[in-house]
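> Take this structure first; my questions come after.
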């Protein structure tokens, strides 16, 4: 089974992310340094949009092109 690798832009509206801090500035700084994983774990993703999608596959032998590949019998016939 082939593997597909995606690169894309993700825009998300996050609700209810709570950050404990001594000031609003400190809370903003903590937010800026949080990983996406931490943000999603601690908040609720109300909606999201995926855009600018690029995809690559590691599939070296696409099923549509099977007739382009020689089998062992074809190789033997060429040697005679």
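The values are calculated or read from the model by the stated rules, or taken from the named source; none is laboratory data. If you're wondering where the values come from, they're calculated on a predicted model, not measured in any experiment. As a convention, Cβ positions derive from the backbone with ideal geometry for all residues, glycine included, and neighbour counts pool all protein chains shown.
> Could you list all residues from the range 1-39 that are more than 25 Å from residue 49 (Cα to Cα) and loosely packed, with under 10 Cβ neighbours inside 10 Å?
1, 20, 22, 23, 24, 25, listed by residue number.
> Just a yes or no: is a residue in the range 51-69 surrounded by 10 or more Cβ atoms within 10 Å (Cβ to Cβ) and modelled with pLDDT of 85 or more?
Yes: the range 51-69 contains one or more residues that are surrounded by 10 or more Cβ atoms within 10 Å (Cβ to Cβ) and modelled with pLDDT of 85 or more.
> I'd like to verify a number: residues in the range 20-42 that are modelled with pLDDT under 95 and farther than 28 Å from residue 4 by Cβ, how many?
Looking only at that region, the number is 1.
> If you scan the range 29-47, which residues turn out to be outside any helix (DSSP H, G or I) and more than 13 Å from residue 19 (Cβ to Cβ)?
35, 44, 45, 46, 47
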